[in-house]
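The values are calculated or read from the model by the stated rules, or taken from the named source; none is laboratory data. Remember, predicted model here, so these are calculated numbers, not experimental data. When we count neighbours, we look across all protein chains shown, and the Cβ atoms used for this are built from the backbone with ideal geometry, even at glycine. The protein model used for the area step is the full one, side chains on, heavy atoms only, and it has no ligands, DNA or RNA in it. Shrake-Rupley method; radii C 1.70, N 1.55, O 1.52, S 1.80 Å.
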Amino acid sequence: MTSDSSRRDFIRTGAALALGAALPPLSSAPPAFEAVRTGELAGSFRTGPMEKVRIGFVGVGGQGMTHVENLLEIPGAEITAVCDIVEAKVQAAQEKTVAKGFREPAGYSRGPRDFQRLCAEQDLDLVFTATPWEWHVPVMLAAMANGKHAATEVPAAMTVEDCWAIVESAEKHQKHCVMMENCCYDRFELMTLNLVRQGLLGELLHGEAGYLHDLRGVKFSAEGEGLWRRAWAVGHNGNLYPTHGLGPIANCMDINRGDRFERIVSFSSPSRGLQLWQADQLEADDPRRRERYVLGDVNVSLIQTARGRTIYLAHNTNNPRPYSRLQLLQGTRGLVSGWPYRLHLEGRSPAHQWEDAGAYYEEFDHPLWRSKRIQDMDRGHGGMDFLEDFRLIECLTRGEPTDMDVYDGAALSSMVELSIRSVAQKGKPQEVPDFTRGRWRSRKPWPIVEV
Ligand SMILES: NC(=O)c1ccc[n+]([C@@H]2O[C@H](COP(=O)([O-])OP(=O)(O)OC[C@H]3O[C@@H](n4cnc5c(N)ncnc54)[C@H](O)[C@@H]3O)[C@@H](O)[C@H]2O)c1
């Protein structure tokens, strides 16, 4: 699916970097707050304003229904078609839509490729998918080929080939293709971005990110993700879910907008957690006892950026442990760290001591979290899911670039296959493709946006 030209560009760029081609100097000071706040989004793709965003939603399970409920509350959004392989789920989404006073959306439930019919015959602005991972790219490619913008749950794609496929399709059809990374909109992550933009961390040097979530019960459930997520542990050993922790760190480091991921090394621990769950929890004759998993319980990767920054990236969904996305950022002037949320800012914090990050919200809360409108809406993961859906619709209706674009979705999602490849090669470094084909040097950072 990847064209020869983009492969050639990738190889050329890689060769240039390997030969030490000059990079723009890393300024010792972060960009001035006002410049970023009001800065132009040059180089970012935008389409004309739209009065209404007519949406076809594909995959209305757990997370899909959360988006549907959010979108029904957002001015300018209208769900006009719904698709799921389970007819009852389509009906549930139709009923929710009608109950909010909208026309009944058209329903599609004639099998796993019925989204193609939806994309071909419906007059839509956006196709939004929250299907299992393997369907994200087929749905988005069908949407864009039929003249619709595309949005997807995370990760956008599971292979590098598919990352290139969405980039090339978005460019060819001139469509938005957005990975909906809700964790970029959580309150602590957005306050951190605000602190970075205001220079309080100094120059960023290092980040730590992860998805550390005990999903054993979910993976063995008889419904929802239990029907598909465990299967990925049978054939894949690496970081299968890199974007929740890495997305916000990438925003702070201006990845694809002044810096980029350059290479990754990855290692996995033994695979034990799912096997233990089989033995402890399943009946003796349960056919799932015959499944054999290769996914290492703990996967750790190190990423280096073109500007020499380092990122530690972790994944563990197979062992008993409290939830964390880590969210550590070390700068020359301070440090923030998530779970628990705390920080240390030189000149403000007592020497050598952490402070509770909660004390800083009053002064540094991101404007998106200050908005009364957003505070009143507590939907989906404490509000961040609503905020990401709100921003998507707002960008489309205003004709502004989306907060995250196809290059961001591709770069973040490419970590899935690159980590798998590195693990398989005993930690051998893998070059990260430059999906922007060099434009990361001139693209402007995501500004501090307001409602
Ligand atoms: N951002 C987050 O915080 C978050 C949280 C949960 C899940 N997710 C993501 O959302 C996606 C869905 O996860 P979920 O928990 O909702 O899973 P789920 O199993 O509850 O929902 C998936 C839905 O897709 C439907 N489906 C499957 N194949 C389909 C096809 N070919 N065409 C149409 N419908 C199809 C299923 O019937 C189901 O209703 C995944 O990508 C997951 O990673 C993200």
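Annotations
- Residue check, I79 in contact with a strand residue (DSSP E or B) (Cβ under 6 Å, 6 or more places away or on another chain) and closer than 18 Å to T397 by Cβ: yes
- Taking the conditions (1) among the polar types (S, T, N, Q); (2) at negative phi; (3) out of contact with any Lys or Arg (no Cβ under 8 Å at 6 or more places or on another chain) in turn, Q327 satisfies each one other than (2).
- G296 open to solvent by less than 10 Å² (accessible area, probe 1.4 Å), in contact (Cβ under 8 Å) with a residue 24 or more places away in the chain and within 20 Å of V154 (Cβ to Cβ): no
- Qualifying residues in region 66-91 (those that are part of a loop (DSSP other than H, G, I, E, B) and hydrophobic (A, V, I, L, M, F, W, C)) - the one farthest from the chain's Cα centre (by Cα): V86
- Positions within region 264-318 being assigned to a strand (DSSP E or B) and over 21 Å from the mean Cα position of the chain (by Cα), in sequence order: F267, S268
- Applying the condition of being part of a helix (DSSP H, G or I) and within 16 Å of the ligand (Cβ to nearest atom) to region 165-188 and asking which residue is surrounded by the fewest Cβ atoms within 10 Å (Cβ to Cβ) yields R187.
- Odd one out for D378, checked against (1) modelled with pLDDT under 95; (2) within 29 Å of W164 (Cβ to Cβ); (3) surrounded by fewer than 14 Cβ atoms within 10 Å (Cβ to Cβ): (2)
- Residues within region 46-104 that are among the hydrophobic types (A, V, I, L, M, F, W, C), within 14 Å of the ligand (Cβ to nearest atom) and either surrounded by fewer than 19 Cβ atoms within 10 Å (Cβ to Cβ) or closer than 21 Å to Q116 by Cβ (or both), tallied: 13
- Among the residues making up region 148-164, those that are part of a strand (DSSP E or B) and either under 10 Å from V137 (Cβ atoms) or within 11 Å of the ligand (Cβ to nearest atom) (or both) are A150, T152.
- Residue list for region 418-443, filter: in contact with a Lys or Arg (Cβ under 6 Å, 6 or more places away or on another chain) and open to solvent by 80 Å² or more (accessible area, probe 1.4 Å): E431
- The listed residue being touching a residue at least 24 places away in the same chain (Cβ under 8 Å) and open to solvent by 20 Å² or more (accessible area, probe 1.4 Å), out of P287, P320: P320
- Residue match in region 192-202 (condition: surrounded by fewer than 19 Cβ atoms within 10 Å (Cβ to Cβ), without any contact (Cβ under 8 Å) to a residue 60 or more places away in the chain and not in a helix (DSSP H, G or I)): no
- Among (1) of a type in the set (K, R); (2) without any contact (Cβ under 8 Å) to a residue 60 or more places away in the chain; (3) touching a Ser or Thr at 6+ places or on another chain (Cβ under 8 Å) - the single one R370 does not satisfy: (3)
- Qualifying residue in region 119-128 (condition: out of contact with any Leu (no Cβ under 9 Å at 6 or more places or on another chain) and over 16 Å from Y108 (Cα atoms)): no
- Of residues in region 425-451 being hydrophobic (A, V, I, L, M, F, W, C) and in a loop (DSSP other than H, G, I, E, B), the one farthest from H236 (Cα to Cα): V451
- Residue list for region 218-240, restricted to those being open to solvent by 10 Å² or more (accessible area, probe 1.4 Å), of a type in the set (G, A, S) and not in a helix (DSSP H, G or I): S221, A222, A231
- Residue satisfying all of: in region 241-263; out of contact with any Leu (no Cβ under 7 Å at 6 or more places or on another chain) and part of a loop (DSSP other than H, G, I, E, B); farthest from the ligand (Cβ to nearest atom) among these: G258
- Residue check for H213: away from the ligand (no atom under 12 Å from the Cβ) and surrounded by fewer than 24 Cβ atoms within 10 Å (Cβ to Cβ): no
- Filter result (within 11 Å of the ligand (Cβ to nearest atom), surrounded by 18 or more Cβ atoms within 10 Å (Cβ to Cβ) and either of a type in the set (G, A, S) or not in a helix (DSSP H, G or I) (or both)) within region 105-126: Y108
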